[in-house]
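Everything on this sheet refers to the single structure shown next.
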Amino acid sequence: MARRKIYQVGDDTLRQISKPVTEFDDKLSALMDDMIDTLVYADGAGLAAPQVGVLKRIFVATFDGGRTFVEAVNPVIVQAKGKRVAAEGCLSIPSVSEKVERPRHVVVNAFDRHGNPIVLKADNFEASCYCHEIDHLDGILFTDKSLRRKNR
Ligand code: CO
């Protein structure tokens, strides 16, 4: 495992559309281990592959301070219900916190690092996190959606 550099806002890499993963191999596993290492070191909740400069549809997340991890490859939101407004931040946009409206409940279909299908069901903070990370895979940053920006 190795920590990787977290790309910062302003870098064009963060604005690209990531490609689906097609090879579930050792290289993918190594990347995901590095992403977890990077996430823990940065003390974040979620990290998407483009944030470490890899334009592939992958994110990792932790909701217990780095004890257990959610890993998602090729995630797709298949169900979104309700609304919730909450402040968000991003490891690529340090010291910025802005309110974003997200679905309150989501269901995400994805794959684990071995290519097995998984279903992630999440509410509230976790749902927002999944939406935030999946946005990264489409070159979208939370500040694009912030209510502050909408109201200006
Ligand atoms: Co982010």
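Out of all the residues in segment 83-92, which are part of a strand (DSSP E or B) and either open to solvent by 80 Å² or more (accessible area, probe 1.4 Å) or more than 16 Å from the ligand (Cβ to nearest atom) (or both)? Before you say what the answer is, go through the steps one by one.
Quick first cut of segment 83-92, residues part of a strand (DSSP E or B) only: 84-90.
The answer is Arg84, Val85.
This table checks each residue for (1) among the aliphatic types (A, V, I, L, M); (2) within 16 Å of the ligand (Cβ to nearest atom); (3) surrounded by fewer than 17 Cβ atoms within 10 Å (Cβ to Cβ).
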{"position": "Pro94", "(1), (2), (3)": "no, yes, yes"}
{"position": "Arg102", "(1), (2), (3)": "no, yes, no"}
{"position": "Ala110", "(1), (2), (3)": "yes, no, no"}
{"position": "Gly115", "(1), (2), (3)": "no, no, yes"}
{"position": "Leu120", "(1), (2), (3)": "yes, no, no"}
{"position": "Glu126", "(1), (2), (3)": "no, yes, no"}
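Name the single residue, out of those in segment 2-39 being in a helix (DSSP H, G or I) and open to solvent by 70 Å² or more (accessible area, probe 1.4 Å), that is farthest from Phe142 (Cα to Cα).
Asp26
Can you report the number of residues in segment 54-100 which are under 16 Å from Leu120 (Cβ atoms) and acidic (Asp, Glu)?
2
For residues in segment 40-52 being within 16 Å of Phe69 (Cα to Cα) and part of a helix (DSSP H, G or I), which is most open to solvent (accessible area, probe 1.4 Å)?
Among them, the one singled out is Tyr41.
With Ala80, Ala45, Ala72 as the choices, which residue is within 13 Å of the ligand (Cβ to nearest atom) and closer than 19 Å to Ala110 by Cβ? Can you show your working first?
Numbers: Ala80 fails: within 13 Å of the ligand (Cβ to nearest atom); Ala72 fails: within 13 Å of the ligand (Cβ to nearest atom).
Exactly one of Ala80, Ala45, Ala72 is within 13 Å of the ligand (Cβ to nearest atom) and closer than 19 Å to Ala110 by Cβ, namely Ala45.
Name the single residue, out of those in segment 67-82 being surrounded by 15 or more Cβ atoms within 10 Å (Cβ to Cβ) and over 11 Å from the mean Cα position of the chain (by Cα), that is farthest from Arg113 (Cα to Cα).
Looking at residues that are surrounded by 15 or more Cβ atoms within 10 Å (Cβ to Cβ) and over 11 Å from the mean Cα position of the chain (by Cα), I get Ala80.
The values are calculated or read from the model by the stated rules, or taken from the named source; none is laboratory data. Treat the numbers as computed from the prediction; the structure is a model and nothing was measured. Positions of Cβ are generated from backbone atoms using ideal geometry, with glycine treated the same way; all protein chains shown enter the neighbour counts. Surface areas here come from the heavy atoms of the whole protein model, side chains and all, with no ligands, DNA or RNA. Shrake-Rupley method; radii C 1.70, N 1.55, O 1.52, S 1.80 Å.
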